[in-house]
Amino acid sequence: ASLGAVLAVTIGLAVVYPRVGAWIIRSRVGSKLAQRLGRDIRFGSIDVAIGHAVVRDVEVRGPLDGDTPLVHIDQIDVEFDGWRSLLGKVEVGPARLDGVLVSIHRGANGQDNVHDVVDRLRSKSDAGGGGAGLRPTSITVTHGKLLANDELTGATGLVADADAQWTPDRLIAHARGVT
C-alpha cells in the first residue's frame, strides 16, 4: 500500500502536474490576457514543474499587425509558490522575459496596431480579473528589441537591444542601438 501511494504521488507530480499546469497557462491565463488586451495570444511549448514554469514562443497578435505580431517573446521563466499551487492557489514570484520583440506599425491609412491596447490597459475596468496573485513580484526583460514603422510619414525607429527591470517601486531600463 505504501509503495502504491508513493508511486501514485510520483506519477501525479511528474506526469499529471506538468500537464495540468500547461493546460491552465494555455486556457485560463492565456484567455484572461487575451481578453484584457483584446488580442490573440499564442503559446509555443510550456514546461511546468513545481514552483517554476517556462513558456516559449509567445505571440500577441492583432488584426492590424501585418507580417509580424505586436509582441513576440522567445522565453518566459516564471517562479511561483509550488506548494500553494498544489492546493489550487497560485502566487506568482519573479518573471524573466528573454528575447522580446515589439513591432509597432502604422499603416498609410493612419491606423496603428497599438493604440487600442494602450486604451484598454489605461481603462479602469479590469475585464480579465486575475487579482494580485497573478501579478509577478518583479519582471526582468533581457534582449529586448523595438521596431516601429510608420507608413504614413515614412519614418522608422529601431532599438537594437534593451533590458529592463520592473518592481512595484520602480522601473529601470536601458536601450542600445537606438536609431
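The values are calculated or read from the model by the stated rules, or taken from the named source; none is laboratory data. Source: prediction; values computed, not measured. Cβ sites come from the backbone with ideal geometry, for glycine too, and all protein chains shown count toward neighbours. Note: areas computed on protein heavy atoms with side chains; ligands, DNA, RNA excluded. Shrake-Rupley method; radii C 1.70, N 1.55, O 1.52, S 1.80 Å.
Structure data summary
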item	result
Two-site label geometry, residue 165 and residue 87: point separation in nm, points 7 Å out along Cα→Cβ	3.1 nm
Descending Cα extents along the principal axes, the stretch 73-118, whole Å	52, 21, 12
Estimated inter-spin distance, residue 34 and residue 16, nm [label 7 Å along Cα→Cβ]	2.7 nm
Accessible-area composition of the chain, carbon plus sulfur, in percent [1.4 Å probe]	61 percent
P(r) of the stretch 1-65 over all Cα-Cα pairs, binned every 5 Å from zero, in whole percent	4, 16, 21, 18, 13, 10, 7, 5, 3, 2, 1, 0
Residue-normalised accessible area of the stretch 136-179, given per residue in Å² at a 1.4 Å probe	67 Å²
Projected label distance in nm at residue 27 and residue 176, using a 7 Å step from Cα toward the beta-carbon	4.3 nm
Hull volume in cubic angstrom per residue (convex hull over the Cα atoms of the chain)	125 Å³
